[in-house]
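One structure is given here, and the rest of the page talks about it.
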Amino acid sequence: MFLKLSETGNLVLPGIEIFKQKQASTPVTALETGTQFVYFPSGNHNSYDPCTYFQSFERGSYKMKVTFKVNGKSETVDVAADTPLLWVLRDTLGMTGTKFGCGKALCGACTVHLSGNAVRSCQVQIGSLNGADVTTIEGLGGNHKVQRAWEALDVPQCGYCQPGQMMSASALLASNKNPSDSDINAAMSGNICRCGTYPRIRAAIKAAAKMS
């Protein structure tokens with residue numbers, strides 16, 4: 001997914017206002033909203049990878065310290081209170097296993113566990129997480145039964161959505177040891193795979209349910 005400037009020079013980004021393009025005196029393109037700026041290198045600015053450039057946006061007018069657990073380890077961050085958990089994980093803590101997909105909680109690529117429940121981290125503001133317990137794909141440790149089943153059945157194709165898929169699957173199995181097809185449908189309905197690996201995902205969840 002890429003950021004796109006429209007023909008009228010407006011940048012449309014999920015979850016953020018429309019920015020009006022303006023040329024700065026310095027050799028950069030400045031996109032302005034109020035007193036906040038996003039700076040991109042000059043030149044061909046029609047598409048940029050949001051995982052690289054989105055963090056340049058100043059999301060809030062003030063910062064706050066938030067202490068919470070990530071994969072069992074206490075972390076303290078000092079960021080704008082309305083920063084999505086996704087970007088704190090990726091940009092502040094360097095945990096890039098959690099992926100950006102849509103920014104609107106529609107694709108499931110950014111799924112993590114919050115107190116054991118699967119949530120879309122693009123929609124969880126860091127300011128609400130003081131004292132919270134978060135688990136990311138890194139926290140599954142590499143030998144979780146869901147990861148072993150995924151590997152045994154060669155589930156991934158491109159692999160981009162799979163961290164989110166595995167986080168939703170592991171949350172399901174933590175609460176339901178023997179899920180039915182309808183249980184799997186309900187738990188995984190918010191996770192999109194553009195490669196169409198759904199049959200292998202279902203098979204892997206059933207295989208993981210039989211593992212210790």
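The values are calculated or read from the model by the stated rules, or taken from the named source; none is laboratory data. Keep in mind it's a predicted model, so treat the numbers as computed, not measured. Here the Cβ positions follow ideal geometry from the backbone for every residue, glycine too, while neighbour counts run over all protein chains shown.
Computed values, structure above
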| read-out | value |
| --- | --- |
| Residue in segment 160-168 that is over 16 Å from the mean Cα position of the chain (by Cα) and on the phi < 0 side of the Ramachandran plot present | no |
| For Leu114: the one exception among (1) in contact with a Cys (Cβ under 8 Å, 6 or more places away or on another chain); (2) free of Cβ contacts under 8 Å to residues at least 60 places away in the same chain | (1) |
| Residue match in segment 63-75 (condition: modelled with pLDDT of 95 or more, under 21 Å from Asn130 (Cα atoms) and part of a loop (DSSP other than H, G, I, E, B)) | yes |
| Close pairs (8 angstrom Cβ cut-off, 6 or more residues apart or separate chains): farther than 19 Å from Ile192 by Cβ in segment 144-162, at pLDDT below 95 anywhere | Lys145/Ser212 |
| Failed item, numbered, when Ala204 is tested on (1) within 17 Å of the chain's Cα centre (by Cα); (2) buried (at least 18 other Cβ atoms within 10 Å of the Cβ) | (1) |
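For (1) crowded, with 19+ Cβ neighbours inside 10 Å; (2) touching a helix residue (DSSP H, G or I) at 6+ places or on another chain (Cβ under 8 Å); (3) farther than 19 Å from Cys107 by Cβ; (4) not hydrophobic (A, V, I, L, M, F, W, C), each residue gets a yes or a no:
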{"position": "Trp150", "(1), (2), (3), (4)": "yes, yes, no, no"}
{"position": "Gln162", "(1), (2), (3), (4)": "yes, yes, no, yes"}
{"position": "Ala169", "(1), (2), (3), (4)": "yes, yes, no, no"}
{"position": "Leu173", "(1), (2), (3), (4)": "yes, yes, yes, no"}
{"position": "Asp183", "(1), (2), (3), (4)": "no, yes, yes, yes"}
{"position": "Arg194", "(1), (2), (3), (4)": "no, no, no, yes"}
{"position": "Met211", "(1), (2), (3), (4)": "no, yes, yes, no"}
